[in-house]
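Engineer: Handing you this structure, nothing more for now.
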Amino acid sequence: MLARARPYLEILRPHNMLAAALAVFTGFHAAGGPGVAGAGWLASLCALATGAGNIANDVFDADIDRVNKPRRPIPSGRLSKRAAFVWYAVVSLAVTVLALANVPHALATIVLTWQAALLVYARWLKRMWPAGNLTVATIAASALYGGAMAAGDTSAAVLPMTIVFAFVLCREMVKGIEDVAGDRAAGARTLAVVAGKETASRVAAAAMLLVAAGMPLPGVADVFGAAYAWIMLATVVPALIAGALIAVRSSETKAFASVSRLLKLAMFAGLVAIVAGT
């Protein structure tokens, strides 16, 4: 039973779902929301919408994943595309029903917009640069907006959203370089495919260094508390600098996969920094 259920859980990518939920709580906290209960439903729905988006992504990217990510449920044969599509429909329906029944209309609209945007990204935008990267970064940042809306102060989300947008955009560039072989074979038009791996690596490295330089500034300028700056300087900034150095020194796919994982961990640290600073 557990073995049969595992691919259904794996295709959701629980770590991405957790990051989405934490982004909602971060926006809620930044806007002065008390505790976490006030954003509980929204965070859960955002996590589920993210999981549904991951399923759709794997369904439409099955051919690409056979090259880039052969161990994922669909290319490994542990889950058929038909079963994955049915699973997507079930999760999406659950998100829609729960959103309409449990959160205010404005927040339900945000959740359903997330869900639609993730489907559009998976079906059409992922294979186009820069639309795909910008879409993912925007969706990730908007989770903080939703959290701030739940707390009643969306203006408090502007700076945290900018931080998350910039960071996720860097990571998406790295992922595009990591996945260039499968993307090229499938006819995708990512930066790494269009401009070449070397040029894409330089662009990604420059972006990471620029973002690294800007990350501590809200803490240094007393916009956020000093704890924000210290956490950023100890975790996120070194990760971005290391990622930039690897990007310009190595052309191996494994190296970019390592950078992608490093930035994923740094993303969690960045959310902690925002919470600590607000």
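The values are calculated or read from the model by the stated rules, or taken from the named source; none is laboratory data. No experiment lies behind these values; they were computed from the predicted model shown. Note that each Cβ is placed from the backbone with ideal geometry, even for glycine, and that neighbours are counted across all protein chains shown.
Engineer: Looking at (1) in a loop (DSSP other than H, G, I, E, B); (2) in contact with an Asp or Glu (Cβ under 6 Å, 6 or more places away or on another chain); (3) of a type outside the set (S, T, N, Q), find the lone condition where Val136 falls short.
Structural biologist: Against the list (1) in a loop (DSSP other than H, G, I, E, B); (2) in contact with an Asp or Glu (Cβ under 6 Å, 6 or more places away or on another chain); (3) of a type outside the set (S, T, N, Q), Val136 comes up short only on (1).
Engineer: Can you spot a residue in segment 78-99 that is without any contact (Cβ under 8 Å) to a residue 24 or more places away in the chain, more than 30 Å from Glu252 (Cβ to Cβ) and of a type in the set (Ser, Thr, Tyr)?
Structural biologist: So far as segment 78-99 goes, yes, one or more of its residues are without any contact (Cβ under 8 Å) to a residue 24 or more places away in the chain, more than 30 Å from Glu252 (Cβ to Cβ) and of a type in the set (Ser, Thr, Tyr).
Engineer: Could you figure out which of (1) over 25 Å from Ala148 (Cα atoms); (2) in contact (Cβ under 8 Å) with a residue 24 or more places away in the chain; (3) surrounded by 19 or more Cβ atoms within 10 Å (Cβ to Cβ) isn't true of Ile246?
Structural biologist: Tallying (1) over 25 Å from Ala148 (Cα atoms); (2) in contact (Cβ under 8 Å) with a residue 24 or more places away in the chain; (3) surrounded by 19 or more Cβ atoms within 10 Å (Cβ to Cβ), Ile246 fails exactly one: (2).
Engineer: Name the pairs whose Cβ atoms lie under 9 Å apart, with the first residue in segment 1-28 and closer than 14 Å to Phe268 by Cα, the second among the polar types (S, T, N, Q) and not in a helix (DSSP H, G or I), and 6 or more positions between them or separate chains?
Structural biologist: That search, which allows pairs on different chains as well, returns Thr26/Thr278.
Engineer: Restricting attention to segment 189-206, does a residue exist that is in contact with a Lys or Arg (Cβ under 6 Å, 6 or more places away or on another chain), under 22 Å from Val67 (Cα atoms), hydrophobic (A, V, I, L, M, F, W, C) and in a helix (DSSP H, G or I)?
Structural biologist: Looking for residues that are in contact with a Lys or Arg (Cβ under 6 Å, 6 or more places away or on another chain), under 22 Å from Val67 (Cα atoms), hydrophobic (A, V, I, L, M, F, W, C) and in a helix (DSSP H, G or I), one finds at least one in segment 189-206, hence yes.
Engineer: Right, another one. Got a sec? Which of Leu107, Leu119, Leu93 is surrounded by 14 or more Cβ atoms within 10 Å (Cβ to Cβ), within 26 Å of Pro7 (Cα to Cα) and of a type in the set (A, V, I, L, M)? Please lay out each step first, then the result.
Structural biologist: On the way: Leu107 fails: within 26 Å of Pro7 (Cα to Cα); Leu93 fails: surrounded by 14 or more Cβ atoms within 10 Å (Cβ to Cβ).
Of Leu107, Leu119, Leu93, the one residue that is surrounded by 14 or more Cβ atoms within 10 Å (Cβ to Cβ), within 26 Å of Pro7 (Cα to Cα) and of a type in the set (A, V, I, L, M) is Leu119.
Engineer: Checking Val237 against (1) farther than 18 Å from Ala137 by Cβ; (2) in contact (Cβ under 8 Å) with a residue 40 or more places away in the chain; (3) in contact with a helix residue (DSSP H, G or I) (Cβ under 7 Å, 6 or more places away or on another chain); (4) in a helix (DSSP H, G or I): exactly one of these is not met. Which one?
Structural biologist: For Val237, the failing item is (2).
Engineer: Suppose we keep only residues that are free of Cβ contacts under 8 Å to residues at least 60 places away in the same chain and of a type in the set (A, V, I, L, M) within segment 160-177. Which one would you say is farthest from Tyr228 (Cα to Cα)?
Structural biologist: In the first step, residues of segment 160-177 are kept if they are free of Cβ contacts under 8 Å to residues at least 60 places away in the same chain; the result is 162, 165-166, 169, 172-173, 176.
Subsequent filtering for residues that are of a type in the set (A, V, I, L, M) retains 166, 169, 173.
On the way: Ala166: 16, Leu169: 21, Met173: 25 Å.
Here the answer is Met173.
Engineer: OK, next. For Ala188, indicate whether it is touching a Phe, Trp or Tyr at 6+ places or on another chain (Cβ under 9 Å) and surrounded by 15 or more Cβ atoms within 10 Å (Cβ to Cβ). So that I can check it myself, show each step before the final result.
Structural biologist: Numbers: touching a Phe, Trp or Tyr at 6+ places or on another chain (Cβ under 9 Å): yes; surrounded by 15 or more Cβ atoms within 10 Å (Cβ to Cβ): yes.
In short, yes.
Engineer: Which one of Val90, Val95, Val59 is part of a helix (DSSP H, G or I), modelled with pLDDT of 95 or more, closer than 28 Å to Ala200 by Cα and more than 15 Å from the chain's Cα centre (by Cα)? Break it down into steps so the answer makes sense when it comes.
Structural biologist: Numbers: Val90 fails: closer than 28 Å to Ala200 by Cα; Val95 fails: closer than 28 Å to Ala200 by Cα.
Among Val90, Val95, Val59, only Val59 is part of a helix (DSSP H, G or I), modelled with pLDDT of 95 or more, closer than 28 Å to Ala200 by Cα and more than 15 Å from the chain's Cα centre (by Cα).
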